Amino acid sequence: MSGEFAGLAAVVTGGGSGIGLAVARLLADRGAAVACLDLDPSGVPAPLHAIGCDVSDADSVARAVTAAVARLGGLDVLVNNAGAGAQGTIEANPDDEWHRVYDVNVVGIVRVTRAALPYLRASSAAAIVNTCSIAATAGLPGRALYSATKGAVQALTLAMAADHVGEGIRVNCVNPGTVDTPWVRRLVDAAADPAAEFVALRARQPIGRLVTPAEVAAAVAYLASPLAAATTGTVLAVDGGMHGLRMRPA
Ligand code: NAD
């Protein structure tokens, strides 16, 4: 598939770490000019373009998208990947935390996409891929707020796909399972028994291991590429079988 992004420009939010950085690297390896928009873009290596951005701040988003388009010379692919986590049942988080996480995970996608749409409309290969989560469909315990936001991301993806199909803009999402990123390593380290937590995370995925950021990036790259020109409004699970196989740890 090498080179299918030649001549295309991509923006990846949350591109400073984990899944977003893996996506940005893969798109660049396959020929795209890529800008990583992140709260902390300090870890973004050349030739990727590092641009500071807070997706929960409309002015910051407008500045960052304008800067990205100026550097890249246009915009064909948008990967809405920035996200915030939350743990606990519905009693664990106060209202303001519900608003804060929803604002990053859901309204953040809306803000960045609104800013990007005028440029995507000018592209002949326009594609949006949202990073959703297995949490949208799996009924994970202790993840009420996070799951609610990702359920909204999945519904938003389908609604956006319907609204923009007539403009030639495809919209899809990926639903990763547990991916071995700095985010998950922080969660593991914060557990009472980190080694046991890591084993439990591995065991709940039928493939018996965590998903790698590169495996999620491959799915995102497919959906973003002209190879998927007939695919819109799709949810692609990269979850080690968590959703489809209905297995529980032995
Ligand atoms: P990560 O912490 O490694 O990377 C997330 C990046 O997003 C960071 O660089 C962070 O600075 C950036 N970010 C956070 N808030 C932001 C904001 N307001 N504006 C701009 N940038 C912001 O995490 P990750 O595991 O790579 O997660 C990336 C996405 O994947 C998230 O949407 C997450 O919900 C989703 N996801 C992760 C997993 C997993 O197991 N790691 C599973 C399913 C879905």
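A few points about this structure:
- Helical mean residue ellipticity (222 nm; -39500 (n - 2.57) per DSSP H run of 4+; nearest 500) of the chain: -12500 deg cm²/dmol
- Computed Rg/Rh of the range 1-45, alpha carbon atoms with Kirkwood Rh: 0.98
- All C-alpha to C-alpha distances of the range 38-168, sorted into 5 Å bins beginning at zero, yield P(r) values of 2, 10, 19, 21, 19, 14, 10, 5, 2, 0 percent in whole numbers.
- Distant-in-sequence amide H partners of Leu39 (H built 1.01 Å from N, under 5 Å): Gly14, Cys53
- Convex hull of the chain built on C-alpha atoms - directionally averaged projected area, nm²: 13.0
- Hz values of 3J(HN,Hα) by residue in the range 71-88 - Karplus curve (6.51, -1.76, 1.60), Gly and Pro given as x: 6, 8, x, x, 8, 10, 10, 10, 10, 8, 10, 4, x, 10, x, 7, 10, x
- About its Cα centre, the chain has a charge dipole of approximately 560 debye under the convention of +1 per Lys or Arg Cβ and -1 per Asp or Glu Cβ, with nothing else charged.
- Coupling constants for the range 201-214 follow from the phi torsions by the Karplus curve (6.51 cos²θ - 1.76 cosθ + 1.60, θ = phi - 60°), and in residue order they are 5, 5, 5, 6, 9, x, 6, x, 7, 6, 6, 9, x, 5 Hz; glycine and proline get x.
- Close amide H pairs (under 5 Å, H built 1.01 Å from N) link Val171 with Ile128, Gly233, residues at least 5 positions away or on another chain.
- For the range 92-161, a simple Cβ point-charge model (Lys and Arg +1, Asp and Glu -1, everything else neutral) yields a dipole of about 280 debye relative to the Cα centre.
- The mean sequence separation of alpha-carbon pairs under 8 Å and at least six residues apart, normalised by the residue count of the chain, gives a relative contact order of 19 percent.
- Theoretical gain in end-to-end length, Ala196 to His243 [0.36 nm per residue, Cα-Cα removed]: 14.6 nm
Quick note: the coordinates plus some simple rules give every number you see, no bench work behind them. Not measured: the values here are computed from a predicted model. No Cβ is skipped: glycine too gets one built from the backbone with ideal geometry, and neighbour counts run over all protein chains shown.
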